[in-house]
Amino acid sequence: MQITFHGAARTVTGSKHLITLNNGTKILLDCGMFQGMGSETLELNSHFGFNPAEVDYVILSHAHIDHVGLLPKLVIEGFRGKIFCTKATAALAELLLADSARIQENEAGYINKRRKRQGRPLVVPLYTEDDVDKAIVLMQRMPLEDWYQIDEHIKVMHTEAGHIIGSTCINLQITEEGITKNITFSGDVGRYDDAILDAPSVFPQADVILMESTYGNKIHNKTQPYLEHFLEMIVATCLVKKGKLIIPSFSVGRTQELLYALNTLSLQKRLPPVAYYVDSPLSVEATEMTKRFPELFNTSVQEVLKRDDDPFGFPGLNMIKDVNASKALNLHNDPCVIISSSGMAEAGRIKHHIANNIENSRNTIMIVGYCEPHSLGGRLKAGQKEVSIFSKVHEVNATVKVIESMSAHGDYNDLTQWLSCQNPDKVAQLFLVHGEYEVQQEFRERLLDKGFKSVNIPERHQSFDI
Ligand SMILES: [Zn+2]
């Protein structure tokens, strides 16, 4: 059989890996969208590099858009097979894909207004909400940690990845001409000390491993527990300076982690008595959805659930979907905490909150996740003294603070712990995906030192016999 890497090859988005069996059966692992690659992005998302009509099965690791974001386009271009994933991934993918379709339709509408005036050809979104529905009906909700058979030659098992709710590593057992091979795709590997999710689980010995490498050369800074750090920032901003604490946050995962931290402080009676807002329709919906899968929470959340039926809700919390309620937040001057998306502050309501509050030194902007360097979050993180938001230049008088340890991706230690259940002598091929090339090269050296013999860093559309 053969594997071809159609995305997340020497970059961190667009996860798409196609396995072709000798009998012609094609299995696509993830169907992710490329994101944040500048003017190249649209072009990269317009061409798969293979014929979707020839794909028999799709298997999803988790619901992040860079892993599922092109499923509707796959269906538009002729895919009619089954999509296998966990129940939580199906639920979350439905939410995120609909959101992605709305963003694309809005952006196309905005661009086309100008193009119409200029008499230029109009742009079309990659897909619409109708196309999302056509992809969702193909989804098969499969168990976690249990093998299932998708045809007579192929068995699949999803194992916990600890990255976001429902996230998995994909283990395949493929038999060709009497020989069975085990192939494992890591998906995105989470942290072993995640606040909400179980740690990544042990997986069967593999012959071939496809492994993410986002933080293959980095150790997260964990010198101060983030709960204490977070509390310090609320006290310093809201109680001492009477200001607003503004937090750009990814709707899925990070927002629930922040809410869980605030809920913990509330249960401990240490939560400062100010107003707390989650201002984003998607964040509100993702939080509601997360609560529907309590069986996926780790043991410490299970303990909390025995005495608190809502680990993401507490007195003083306001969840805002309505746009007018969001605008009203700008008018009130009381100290408060506002959690809003997007995580890199490049889009969404968070941009308005930052624009409205960045010039006031009473306020704090707290960055809690990865930010692409050119994004607004990235520019703030880099310590810029002036930033342009909606074409207006703002002085950065607010305090900018960074909490590093909250990443949903494991660091170098987590990645090597994930691999520690494997005998390197038995892994014939290891492919590094989902990472920046320089990071991957460093990670490759470290893995060779650990005894893995064949560590490849595939390029986009590159094929290998496995
Ligand atoms: Zn992810």
Go through the residues of the stretch 346-365 one by one and say whether even a single one is touching a strand residue (DSSP E or B) at 6+ places or on another chain (Cβ under 8 Å) and in a strand (DSSP E or B). yes
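Residue by residue, here is whether (1) at pLDDT below 95; (2) more than 18 Å from residue 3 (Cα to Cα); (3) in the same structural domain as residue 369 (by TED's automatic domain parsing); (4) surrounded by 22 or more Cβ atoms within 10 Å (Cβ to Cβ) holds:
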residue	(1), (2), (3), (4)
161	no, yes, no, yes
168	no, yes, no, yes
173	no, no, no, no
179	no, no, no, no
193	yes, yes, no, no
198	no, yes, no, no
Kindly indicate whether residue 409 is at pLDDT 95 or above and either buried (at least 21 other Cβ atoms within 10 Å of the Cβ) or more than 17 Å from residue 190 (Cβ to Cβ) (or both). no
Residues (under 23 Å from the mean Cα position of the chain (by Cα), small (Gly, Ala, Ser) and more than 21 Å from residue 431 (Cα to Cα)) located in the stretch 1-51: 36, 38, 39, 46
I'd like the residue in the stretch 158-185 that is touching a residue at least 60 places away in the same chain (Cβ under 8 Å) and closer than 13 Å to residue 27 by Cβ and, out of all such residues, is farthest from the ligand (Cβ to nearest atom). 176
Qualifying residue in the stretch 141-152 (condition: in contact with an Asp or Glu (Cβ under 8 Å, 6 or more places away or on another chain), more than 22 Å from residue 183 (Cβ to Cβ) and not in a strand (DSSP E or B)): no
Go through (1) crowded, with 17+ Cβ neighbours inside 10 Å; (2) within 19 Å of the chain's Cα centre (by Cα) for residue 126 and report which single condition fails. (2)
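Of all residues being surrounded by fewer than 19 Cβ atoms within 10 Å (Cβ to Cβ) and touching a helix residue (DSSP H, G or I) at 6+ places or on another chain (Cβ under 6 Å) in the stretch 315-345, which is modelled with the highest pLDDT? Just the residue, please. Quick ask: steps written out before the conclusion?
Filtering the stretch 315-345 for residues surrounded by fewer than 19 Cβ atoms within 10 Å (Cβ to Cβ) gives 315-316, 318, 321-325, 327-328, 330-334.
Of the ones still in play, those that are also touching a helix residue (DSSP H, G or I) at 6+ places or on another chain (Cβ under 6 Å) are 321, 330.
On the way: 321: 96, 330: 88.
Residue satisfying both the conditions and the ranking: 321.
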Within the stretch 1-32, the count of residues that are at pLDDT 95 or above, among the polar types (S, T, N, Q) and not in a strand (DSSP E or B) comes to 4
Residue ranges of helices (runs of 4 or more DSSP H) in the stretch 247-308 with at least 3 members in the same structural domain as residue 326 (by TED's automatic domain parsing) and more than 24 Å from residue 370 (Cβ to Cβ): 254-267, 299-305
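Could you look through the stretch 77-87, keep only residues that are touching a helix residue (DSSP H, G or I) at 6+ places or on another chain (Cβ under 6 Å) and of a type outside the set (Asp, Glu), and pick out the one that is farthest from residue 31 (Cα to Cα)?
78
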Say we look at the stretch 33-87 and pick out the residues that are surrounded by fewer than 16 Cβ atoms within 10 Å (Cβ to Cβ) and not in a loop (DSSP other than H, G, I, E, B); which of these is nearest to the ligand (Cβ to nearest atom)? 41
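The values are calculated or read from the model by the stated rules, or taken from the named source; none is laboratory data. It should be emphasised that the depicted structure is a prediction, and the values quoted were computed from it without experimental measurement. Reconstructed Cβ throughout: ideal geometry from the backbone, glycine too, with neighbour counts over all protein chains shown.
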